[in-house]
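Report on the following structure.
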Amino acid sequence: MKADAGRTGYPLRLGPRIEAVDLHAAGEPGRVVVGGVDDVPGDTMFDKMTWLQANRDDLRLRMVREPRGYPAANCNLVLRSNHPEAQAGYVIMEQVEYPGMSGTNTICVVTALLETGRIPMTEPVTEVVLEAPAGLIRIRAECRDGKVTGVTFRNVPAFATHLDASVEVPQLGKVNVDVAYGGMFYVIADAEPLGFRLTPDEGADIVRVTEMIKAAAWEQLPVVHPEQPGFAGITIGQLSGPPHDPANHRRNVVTVSTGRLDWSRPSTWTGAIDRSPCGTGTCAKMATLHARGRLGIGEDFRHEGILGTVFTGRLVEETTVGSAVGSAVGSAAAQRSAVVPTITGTAWITGFASYVVDPDDPFPDGFTVGDIWA
């Protein structure tokens, strides 16, 4: 061993190591950082998220961009929670934002924590409470032989803000859309009128069209969360169509933004497809179906993604979000009818990694190149 190497064999000049577990949930990657990052200031996970965004955004860029990440990469930072009910907290980091909640990332986080022993596993069921920036997430994990075989999480309330709204989209004309919150604000459009069957070979066109619709909706349909104004604006898009498997209820493809070259010009935004059926996207879709009277409390909703993988959703109760006072004065954050959804899915560990930054590395915070990022 060289003199400049530590006991683990890593050269000391590389400095601190970030320890991560890599997983995928129904095909969507979710990196979980479990060591090497000190706790950050903040009473709540929302506060910690806000601090990271303002002071340590280099960590997000380093972990999701090339050469350590790629355009569809997600990363979660596990942190200590101050909430008395939560065993841990996590901040979700994506290519252009810090979402309040993410279904695939939640499934990856709880799987990583249980399967690596950071939270004790009890078979056949382990109940866990985690704190996300959007709030407390109650989780029931089915476990067998040391493996998490299924994760069901109770999400924060979901609600529709627009049904059958018309947006003017350059090159496409008028497109009817729904807008709903499922942990992020989604714009949802029907795939069939746009000529899509939602198959992998359509991927490039799906991304292009969805980003165009999202950009138009972001400009024309402003939204803000009634209880947390820090969550505002439509940041993610979904195309919805008939299922390919008759055992399922709908098929969806969600496009996640990978870059906003100019915040004032949504036409410059770029995206990549969520490989899974998307947990918060499923919650948003269920909220629109319930608002139309097409999905009742206690009914299963099987949602398939572009790979044919399935998340099973269920609405467990009706509720409201926001203040009745805001409703009386016509506030954008007025009280809204909402539903509490659960999502069930599974994640698999794909690897363990230690990430470092060489002090001479010209790209410590990663980079993007237009061949696959734009």
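Summary table below
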| quantity | calculated |
| --- | --- |
| Of the criteria (1) in a loop (DSSP other than H, G, I, E, B); (2) of a type outside the set (A, V, I, L, M, F, W, C); (3) under 17 Å from residue 109 (Cα atoms), which one residue 42 fails | (3) |
| Any hit, the stretch 166-184, residues being acidic (Asp, Glu), outside any loop (DSSP other than H, G, I, E, B) and over 23 Å from residue 134 (Cβ atoms) | yes |
| Contacts under 7 angstrom Cβ, first residue in the stretch 281-298 being over 15 Å from residue 340 (Cβ atoms), partner in a loop (DSSP other than H, G, I, E, B) and at pLDDT 95 or above, 6 or more apart | 281/182 |
| Hey, residue 258 under 15 Å from residue 28 (Cβ atoms) and modelled with pLDDT under 95 or not | yes |
| Of residues in the stretch 284-310 being open to solvent by less than 10 Å² (accessible area, probe 1.4 Å) and assigned to a helix (DSSP H, G or I), the one nearest to residue 246 (Cα to Cα) | 286 |
| The stretch 63-76, subset open to solvent by less than 20 Å² (accessible area, probe 1.4 Å) and touching a helix residue (DSSP H, G or I) at 6+ places or on another chain (Cβ under 7 Å), residue farthest from residue 121 (Cα to Cα) | 71 |
| Those residues of the stretch 208-220 which are touching a residue at least 60 places away in the same chain (Cβ under 8 Å) and either surrounded by fewer than 24 Cβ atoms within 10 Å (Cβ to Cβ) or assigned to a loop (DSSP other than H, G, I, E, B) (or both), in sequence order | 211 |
| Tally, over the stretch 340-374, of residues that are open to solvent by less than 80 Å² (accessible area, probe 1.4 Å) and assigned to a loop (DSSP other than H, G, I, E, B) | 10 |
| Residue match in the stretch 193-207 (condition: in contact with a Ser or Thr (Cβ under 9 Å, 6 or more places away or on another chain), open to solvent by less than 20 Å² (accessible area, probe 1.4 Å) and either more than 18 Å from residue 285 (Cβ to Cβ) or part of a loop (DSSP other than H, G, I, E, B) (or both)) | yes |
| Single condition residue 48 does not satisfy, out of (1) in contact with a strand residue (DSSP E or B) (Cβ under 8 Å, 6 or more places away or on another chain); (2) of a type in the set (D, E, K, R); (3) open to solvent by 20 Å² or more (accessible area, probe 1.4 Å) | (3) |
| Failed criterion for residue 341 (all others in (1) over 30 Å from residue 138 (Cβ atoms); (2) modelled with pLDDT of 95 or more hold) | (1) |
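The values are calculated or read from the model by the stated rules, or taken from the named source; none is laboratory data. Since the model is a prediction, treat every value here as computed from it, not as a measurement. Neighbour counts are summed over all protein chains in view; Cβ atoms, including those assigned to glycine, are modelled from backbone coordinates with ideal geometry. These area figures cover heavy atoms from the full protein model, side chains too; ligands, DNA and RNA do not enter into them. Shrake-Rupley method; radii C 1.70, N 1.55, O 1.52, S 1.80 Å.
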